[in-house]
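A.B. asks: One structure coming up, written as structure tokens, with questions to follow.
No value in this document is a laboratory result; all are computed from the given coordinates. Only a predicted model underlies this, so the values are computations on that prediction, with no experimental measurement involved. Quick reminder, even Gly has a Cβ in these numbers, built from the backbone with ideal geometry, and neighbours come from all protein chains shown.
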Ligand code: AMP
Ligand code: MG
């Protein structure tokens, strides 16, 4: 869709199309912030090696400073510049899943500023598969720190229009690409400890990871007093303005001014109501979840009813994001 319906003269952030990627890279080189598409969600990027540039990300998002950022690279070799130790199992994961939606936590080198890692001695690194993202990083010539390009706590943006809704006047520029194919954030795996631990479910399922490196642990529920190892674990996240309520059975959906999300097989039961289909598969649901929450929010509903998500590893990312948006975990 490129910049589609966005009217540059009506926004306070520079709107750049894919053909203007070198201008976006210049902004990064000069210490500015650029929102850009990845296969997971849109990110808000800055030069990861510049403390002052990275601080601007936190300010634009209103993000708590104890939430570390993922550093994005364009080529696998760049990992050497950022990480102190690369265990053999981490190498296997990179070879199998990069480029793609997997963030690997490794011991960091001192070149990575504290502001990126929230003072941790580790850094999260990812190589996105979206070609425009990699071109931007390559042209900028620096690793790019980038959390999702939403105001902190809101659903992540999966279209350029969503980014405008949140980042107009906050980001220096937005590089427009298409809609994000995965639709939820990367899987985060900590490879810096003795036992590989999944800190956040995402675009790559645990079973696909286990097929490559053997058993992994799932990190759950840090106590409130601990600094989050993974941001999503501590703060309210992914929440639309409307209250999100999970239903087990369609008969539980009732009330005035409500919107509904439903799997495709149940959509007929909600005819006449503001409705978003989550499709049928985990991939459909991932692609539609954040978009659907934002769409229903725009209609001004007070409550969004969303279905219970099936058990099982394939559904872990959608379950995690939706239940967090409902304030459940
Ligand atoms: P966001 O980009 O907004 O989706 O959030 C960034 C994600 O990066 C968080 O969920 C963290 O899990 C993860 N992350 C980045 N660096 C680290 C790190 N050093 N240790 C643990 N998690 C990290
Ligand atoms: Mg985020």
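A.B. asks: At a Förster radius of 51 Å, what calculated FRET efficiency corresponds to the Cβ-Cβ distance of residue 109 and residue 251, to the nearest 0.05?
C.D. replies: 0.35
A.B. asks: Next question, about the same structure. Please work out the FRET efficiency for the pair residue 95 and residue 51, using the Cβ-Cβ distance as r and a Förster radius of 41 Å; give the result to the nearest 0.05.
C.D. replies: Working: r = 32 Å, r/R0 = 0.78.
Efficiency, from the Cβ-Cβ distance: 0.80.
A.B. asks: Sorted by packing (mean other beta-carbon atoms within 10 Å per residue), highest first, where do 181-188, 308-315 land? Walk me through the numbers on the way to the answer.
C.D. replies: On the way: 181-188: 25.1, 308-315: 14.4.
Going by the mean number of other Cβ atoms within 10 Å, highest first, we get 181-188, 308-315.
A.B. asks: If you don't mind, another one. Grab the DSSP H runs of the chain that are 4 residues or longer, score each as -39,500 (n - 2.57), total them, divide by all residues and round the 222 nm result to the nearest 500 deg cm²/dmol.
C.D. replies: Details: 10 runs with 91 residues, N = 329.
Rounded to the nearest 500, it is -8000 deg cm²/dmol.
A.B. asks: Right, next: Per 0.36 nm of contour for each residue apart, how much would the distance between residue 284 and residue 75 grow if the chain were fully extended, relative to their Cα-Cα spacing?
C.D. replies: On the way: separation 209, 0.36 × 209 = 75.24 nm, distance 2.90 nm.
Net length gain for the segment: 72.3 nm.
A.B. asks: By average Cβ neighbour count within 10 Å, what is the ranking of 129-138, 96-105, 144-153 from highest down? Write out the running numbers ahead of the final one.
C.D. replies: On the way: 129-138: 20.8, 96-105: 22.5, 144-153: 24.3.
Averaged packing, sorted descending, gives the order 144-153, 96-105, 129-138.
A.B. asks: Moving on. For residue 151 and residue 12, compute 0.36 nm times the residue count separating them, minus their Cα-Cα distance, and round to one decimal in nm.
C.D. replies: On the way: separation 139, 0.36 × 139 = 50.04 nm, distance 1.60 nm.
So the chain would gain 48.4 nm between residue 151 and residue 12.
A.B. asks: Using alpha carbon centroids, what distance separates region 141-167 and region 240-310, in Å?
C.D. replies: Each part reduced to its Cα centre gives a spacing of 23 Å.
A.B. asks: Compute the relative contact order of the chain as a whole-number percentage, counting only Cα pairs closer than 8 Å that sit 6 or more residues apart in sequence. Don't skip to the answer; put the middle values down first.
C.D. replies: Details: 738 pairs, mean separation 66.2, N = 329.
The normalised contact order for the chain reaches 20 percent.
A.B. asks: Right, next: With a cut-off of 20 Å, note down the residues of region 268-289 whose backbone N falls inside the zone around a label point 7 Å from the Cα of residue 308 toward its beta carbon.
C.D. replies: Those under the cut-off are 268-270, 278-282, 285-286.
A.B. asks: Report, as a whole number in µm² per second, the diffusion coefficient that Stokes-Einstein gives for the chain at 25 °C and 0.890 mPa s using the Kirkwood radius over alpha carbon pairs.
C.D. replies: It diffuses with D of about 123 µm²/s by this estimate.
A.B. asks: Here's something else I'd like to know. If each residue of separation counts as 0.36 nm, what is the full-extension length gain between residue 165 and residue 210 once their alpha-carbon separation is subtracted? Display every interim value, and only then the final one.
C.D. replies: Working: separation 45, 0.36 × 45 = 16.20 nm, distance 3.82 nm.
So the chain would gain 12.4 nm between residue 165 and residue 210.
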